[in-house]
Amino acid sequence: MKIDIPTERNHFLSRLNRDFTVSSSDARNIVSHFHRDMERGLRGKRSSLAMLPSFVGRPRGNEKGKFIALDLGGTNCRVLEVDLDGRRTASITAASRFAIPREVMRGDGTWLFDFLAGCLLSFFQELPVDKRREQVLAFTFSFPLAQRSIASGTLIRWTKRFKTSGVEGSDVAVLLSEAMERRGIGFIRLAALTNDTVGTLLAGCYADPACDMGVILGTGTNACYLERSARIHRAGLASRPGEMIVNLEWGNFNRLKTNRYDDALDAASLNPGWQRLEKMVSALHLGEITRLVIREMMEQGLLFREAGQSVFSEPYGLTAEDLSLLALDRKAFFTRACLADAAETDRDAVFEIGRLVTDRSARIAGAAIAAVLTWMDPDLKAGHTVAVDGSLFEKYPGYQARIMDALGSLRGEGAAEIKLVLTRDGSGIGSAIAGAVAAAAKR
Ligand code: GLC
């Protein structure tokens, strides 16, 4: 039997629309499930949100001096020298970036920490610092850490593309210090260990005291916020006065309406069952979800019957940067994919799929931000500034506006202003601020 391609394709696309839509009631459900899991996590009960105390609170804004930050993110490692002027301005005075080789991400833990110490060593070879004076180092480790102090923390489990052996369950501050010893960089003292979201919040808050939430929307996704210590019923913190930043590890939130592409991606991943929100929202996975949909349409004979198709055959061959290009300059995208001659209707369908996948990502992110803000301030009576960093937020056309839309639809009458502020390099700058806070506390 001959299939009527235009009709079948339209059916397929309308079903897809339903599969990827986050309705207002879905968004409200996300908010209430977030609140439930935040509450459980803060009590140390089983929850998809780990709610990890960071042992650092709001900076004063008068922290001052030069600090070194080592920032291990999703794909790169950076070493920065950060200058804090003591009057709410932080600047990067030196920086080096190193790509992390795949063998290092998937190899033995000792390699990873030797690699990181090597990055520091090569940075110090370039930078004229007085090596006789102790240098304070802050380490941004963008993975879930169980901390008992600001300068120590055990890796709970790897996320993103990392699967280095022998690190889960170990104190990464100890592993880094040992590697620095092996490399002979004894003049460095590790003073603070922070998650990248915590760094981003600290950087946002150093510049603007109204900032009380940090978000990463990049290779991975996660958030943190300022919590009253009295609400953190863990590790004896509830009896402490004041506030502390709590890292939600929201990438692992698992109460979302998933579809079969999400389930296929999860099943083939390094960590099936974990990081379900991250797999639907972050830059690392958006291209792959889009590719899985395109593949299915191709298998059903609904797309690219004539044109070359190899670009969609490789898992993770389509990236979030490709999707940005598709949204910004369709012609350039299809030329690069060797599909410039494909039928217009095929190109329209690919464009639509990319739009649905990224739209869903922004809507989930918007609902998650609303959940955290309303946890802190149920009626949103006060203004809030959210410091955000990450390639998706910074570079994907229209992404920020979609988050604001999603937030707007969840805000009640009379809610005060919510500002999302791009906080570039926040993870490294903020970790230097944590280093300054920790160094001051020691004095
Ligand atoms: C992953 C990590 C988390 C980090 C986020 C953004 O979700 O588990 O700790 O903050 O990526 O880099």
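Bear in mind these aren't lab numbers, they're just calculated from the coordinates by the rules spelled out. In this text, all values refer to a predicted model and were calculated from it rather than measured experimentally. So basically every Cβ, Gly included, is an ideal-geometry build from the backbone, and we count neighbours across all protein chains shown.
Figures for the structure shown
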quantity: Karplus 3J(HN,Hα) series, Hz, for region 142-154 with 6.51 cos²θ - 1.76 cosθ + 1.60 (x for Gly, Pro); calculated: 8, 8, x, 10, 8, 9, 10, 7, 5, 10, 8, x, 9
quantity: Sites S269 and E181, calculated FRET efficiency, Cβ-Cβ separation with R0 30 Å, nearest 0.05; calculated: 0.25
quantity: Leading residue at positive end of dipole, the chain (Cβ point charges), from S142, I156, L116; calculated: I156
quantity: The chain, helix-only ellipticity at 222 nm - DSSP H runs n ≥ 4, -39,500 (n - 2.57), divided by all residues, nearest 500; calculated: -14000 deg cm²/dmol
quantity: Residues with amide H under 5 Å from that of L190, placed H, sequence gap 5 or more; calculated: L137
quantity: Distant-in-sequence amide H partners of L248 (H built 1.01 Å from N, under 5 Å); calculated: L52, A223, C224, Y225
quantity: DSSP bridge orientation in the chain - percent antiparallel, rounded to nearest 5; calculated: 60
quantity: Cut-off under 5 Å, modelled amide H: who pairs with A94 long-range; calculated: E81
quantity: Candidate lysines - alpha carbon under 20 Å from K331, same-chain residues fewer than 8 apart omitted; calculated: K395
quantity: Cα gyration tensor, region 309-356 - rounded (a/c under 1.5), prolate or oblate; calculated: rounded
quantity: For region 133-271: rounded, prolate or oblate by the Cα gyration tensor [a/c cutoff 1.5]; calculated: oblate
quantity: Point-to-point label distance, E296-K419, nm (Cα→Cβ direction, 7 Å offset); calculated: 4.2
quantity: Tensor-based shape of the chain (alpha-carbon gyration tensor, a/c under 1.5 rounded, otherwise prolate or oblate); calculated: prolate
quantity: Using θ = phi - 60° and Karplus 6.51 cos²θ - 1.76 cosθ + 1.60, couplings along region 326-341 (whole Hz; Gly, Pro as x); calculated: 4, 6, 8, 8, 3, 4, 5, 4, 5, 5, 4, 7, 6, 10, 4, 8
quantity: Per-peptide average of other Cβ atoms within 10 Å, ordering 26-34, 324-332, 50-58 highest first; calculated: 50-58, 26-34, 324-332
quantity: Sequence-distant aspartates and glutamates (8 or more away, or on other chains) whose Cα lies within less than 13 Å of K419; calculated: D208, D212, D405
quantity: Per-residue HN-Hα couplings for region 202-213 [Karplus 6.51, -1.76, 1.60; θ = phi - 60°; Hz; x = Gly/Pro]; calculated: 4, 5, x, 6, 4, 7, 9, x, 6, 7, 9, 8
quantity: Label-point separation in nm, E321 to D4, each point 7 Å along Cα→Cβ; calculated: 4.4
